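Below: the structure, in structure tokens.
Derivation of every value follows stated rules applied to the coordinates shown; laboratory data play no part. The shown structure was predicted, so the numbers you read here are calculated from the model rather than taken from an experiment. Please note: Cβ atoms are built from the backbone with ideal geometry, for glycine as well, and neighbour counts cover all protein chains shown.
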Amino acid sequence: MAEPGAETVLPIREGEGEKKAAAEQEINPWDVQAAVDENGNTLAFDYVAISQKWATKLIDDELLQRFERLTGHKPHRWLRRGLFFSHRDFDKILDRYEAGEPFFMYTGRGPSSDALHLGHTIPFSFTKWLQDVFDVPLVIQLTDDEKALFKEKLTFEDTYKFGLQNAKDIIAQGFDPKKTFIFSNLEYMGGPFLMNTWEFAKLVTFNQVRGAFGFNESTNIGRIMFPSVQCVASFATSFPEIWSDPPAKERTKAIAKIPVLIPMAIDQDPYFRLVRENAHRMRFPSPKPALIHSKFLTALQGAGGKMSASDPNSAIFMSDTPNQIKNKINKHAFSGGRETLEEHRRLGGIPEVDVAFQYLSYFEEDDEKLKNIEDSYRRGELLTGELKKMAIELIQQYSRSSKREGNSSTDENENEDFQEQFHVSV
């Protein structure tokens with residue numbers, strides 16, 4: 001699964017995103033391309049357009065007010081600022097919470113490197129907050145099989161080892177170890193999970209996955225099969241052992257009725273549209289999964305890009321030192337400032353395209369302070385260097401709080417201790 005980001009600190013509302021493009025944006029689970037205008041300039045992602053195209057609902061003030069009223073928690077800053085901007089049936093999850101009925105959460109990570117970057121941590125940090133609010137079980141899927149299937153140079157041994165290291169970064173987010181199950185597809189698949197995988201695969205045609213994911217005649221059959229593996233992690237029956245003590249071993253109708261809430265980046269939506277179309281056809285029918293979508297965390301180079309593990313200069317990694325974080329932002333973060341000090345003072349900065357400001361919109365908790373920073377930059381009172389310094393300090397602080405314990409050793413004894421400490425199957 002993928003990582004999120006932002007192009008503005010204000011929530012998206014209908015009617016925005018009017019700029020014309022010569023090449024339209026392309027968003028799917030494996031390829032994210034921003035639109036390009038007639039002059040060859042890369043445009044910011046148009047999230048209203050993708051919401052309209054995929055028929056998702058924008059998160060509005062009414063939904064956030066209901067969330068706060070039911071939970072007693074102020075909405076997370078990423079909800080308040082529209083960084084998590086869209087949903088499917090989140091209102092129905094709130095119905096269940098209000099009625100005291102069970103549900104669970106699910107999110108995941110495709111391990112393609114041995115460390116998460118900043119963008120990868122956003123959905124995990126948000127999911128951790130939701131787990132604290134709702135106090136529900138959580139499953140985290142490491143799609144190590146997917147990455148070996150879609151990255152030609154990676155072996156299954158590579159991605160399995162990456163998954164173990166990624167799990168440590170994920171756990172560092174602070175999930176409740178008694179209510180969190182982290183699993184590797186390569187390690188865990190079998191029993192009810194595998195039954196669900198094959199049953200779901202039996203229901204879905206090649207035409208359906210071709211339409212959802214753009215597969216063609218040259219696509220290897222592993223890639224064609226993989227969506228069913230990610231899709232069935234949204235079924236409670238894939239994990240019967242977490243619903244009873246002693247652990248259940250079989251799928252049942254009662255377990256199948258438990259719905260899921262999935263926080264994720266918008267590019268993962270095609271998987272779960274497929275689930276929503278077919279969940280009722282399973283032997284043990286399940287409710288449609290509820291989804292809450294995030295934007296992409298902007299790459300250091302600016303609008304229209306997202307952080308990528310394959311491009312070190314586009315991303316800040318959780319393994320980066322404070323000095324590396326400082327250097328990356330100072331050297332590579334796209335600026336919304338003007339070419340000269342005189343112009344900047346006269347015309348003001350452009351926070352909408354300034355990467356340091358976008359990062360501040362993620363990590364500065366105080367809404368009023370953020371608005372003052374935005375206004376000061378827009379008036380030309382605040383300089384780009386000062387803005388970058390603020391972003392550096394906040395990201396360094398976030399990185400320190402999210403560091404895994406210990407080193408990156410894959411020693412067998414260390415892994416056994418790690419698995420005993422946390423409910424994990426890798």
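Say the cut-off is 27 Å between C-alpha atoms; which of LYS257/LYS295; LYS151/LYS295; LYS147/LYS257; LYS179/LYS253; LYS128/LYS161 go over it?
Values: LYS257/LYS295 30 Å; LYS151/LYS295 24 Å; LYS147/LYS257 31 Å; LYS179/LYS253 22 Å; LYS128/LYS161 24 Å.
Over 27 Å apart, Cα to Cα: LYS257/LYS295; LYS147/LYS257.
Amide H contacts for THR298 (H built 1.01 Å from N in the peptide plane; partners 5 or more residues away or on another chain; cut-off under 5 Å): ALA6. Beta bridges per DSSP, both residues in the range 53-298: antiparallel share near 25 percent. Against the chain, whose longest principal axis is taken from its Cα atoms, helix 221-231 shows a tilt of about 90°. Give the angle, between 0 and 90 degrees and rounded to the nearest 10, that separates the Cα long axis of helix 156-171 from the longest principal axis of the Cα atoms of the chain. Helix 156-171 sits at roughly 70 degrees to that axis.
What the phi angles of the range 104-114 give under the Karplus curve with 6.51, -1.76 and 1.60, with θ = phi - 60°, is a coupling list of 9, 10, 8, 8, x, 8, x, x, 10, 8, 7 Hz, glycine and proline written as x.
To the nearest 20 debye, what is the magnitude of the charge dipole of the range 195-272 about its Cα centre, counting +1 on the Cβ of each Lys and Arg and -1 on the Cβ of each Asp and Glu? Please report the intermediate quantities before stating the final value.
Working: 7 positive and 7 negative charges, 43 e Å.
Dipole of the range 195-272, to the nearest 20 debye: 200 debye.
For the chain, the antiparallel share of DSSP beta bridges with both residues in that region comes to about 40%.
Largest first, the three principal axis extents of the alpha carbons in the range 53-298 are 50, 41, 41 Å in whole numbers.
With only Lys, Arg, Asp and Glu charged, each at its Cβ (+1 for the first two, -1 for the last two), find how big the charge dipole of the chain is about the Cα centre; round to the nearest 20 debye.
Working: 52 positive and 64 negative charges, 136 e Å.
About 660 debye.
If we count every other residue with Cβ under 10 angstrom of PHE175's Cβ, Lys/Arg +1 and Asp/Glu -1, where does the sum land?
On the way: positive: LYS128, LYS178, LYS179; negative: ASP132, ASP176.
Value of the local net charge: +1.
About the centre of its Cα atoms, the range 320-401 shows a dipole size close to 360 debye [charges on the beta carbon of Lys, Arg (+1) and Asp, Glu (-1) only; nearest 20 debye]. Listed by chain and number, the lysines placed with their C-alpha closer than 18 angstrom to that of LYS331 are LYS306, LYS388, LYS389; residues fewer than eight positions away on the same chain are left out. The residue among ASN207, ILE122, ALA172 whose Cα reaches farthest toward the positive pole of the charge dipole of the range 91-233, with charges on the beta-carbon of Lys, Arg, Asp and Glu, is ASN207.
Go through VAL355, THR384, HIS332 and say which Cα lies farthest out towards the positive end of the charge dipole of the range 320-401; charges sit on Cβ, +1 for Lys and Arg, -1 for Asp and Glu. Of VAL355, THR384, HIS332, it is HIS332. Scalar couplings 3J(HN,Hα) for the range 141-155, obtained by applying the Karplus form with A = 6.51, B = -1.76, C = 1.60 to θ = phi - 60°, are 9, 9, 8, 5, 5, 4, 5, 6, 6, 9, 10, 4, 7, 9, 8 Hz; x denotes Gly and Pro.
Fewest Cβ neighbours within 10 Å first, please rank LEU94, LEU291, LEU347 accordingly.
Neighbour counts put them in this order, fewest first: LEU347, LEU94, LEU291.
Per-residue Karplus couplings for the range 126-138, computed as 6.51 cos²θ - 1.76 cosθ + 1.60 with θ equal to phi - 60°, are listed in order as 5, 5, 4, 4, 5, 4, 4, 5, 8, 6, 10, x, 9 Hz, Gly and Pro entered as x. For SER86, the residues whose amide H sits under 5 Å from its own are ILE59, HIS293, ignoring neighbours fewer than 5 places away on the same chain, with H placed 1.01 Å from N.
How large is the convex hull of the Cα atoms of the range 153-239 per residue, expressed in Å³ as a whole number?
With only Cα atoms used, the range 153-239 gives 128 Å³ per residue.
Against the main long axis of the alpha-carbon atoms of the chain, helix 191-203 sits at an angle near 80°.
Where (1) 20, 34, 23, 16, 7, 1; (2) 26, 59, 15, 0; (3) 28, 56, 16, 1 are the candidate values, the label of the one calculated here for P(r) over Cα pairs in 20 Å bins from 0, in percent is (2).
For GLY108, the amide hydrogen comes within under 5 Å of the amide hydrogens of GLN141, counting only partners 5 or more places away or on other chains and with H modelled in the peptide plane. Here the spin labels are modelled as points 7 Å beyond Cα on the Cα-Cβ line, and at GLU342 and LYS92 they lie 6.2 nm apart. With the alpha-carbon atoms of the range 320-401 aligned to their principal axes, the span from lowest to highest coordinate is 38, 28, 16 Å, starting with the largest.
Restricting the range 88-168 to GluC sites (Glu not before Pro) that sit in a DSSP loop and have at most 11 other Cβ atoms within 10 Å of their own Cβ leaves GLU152.
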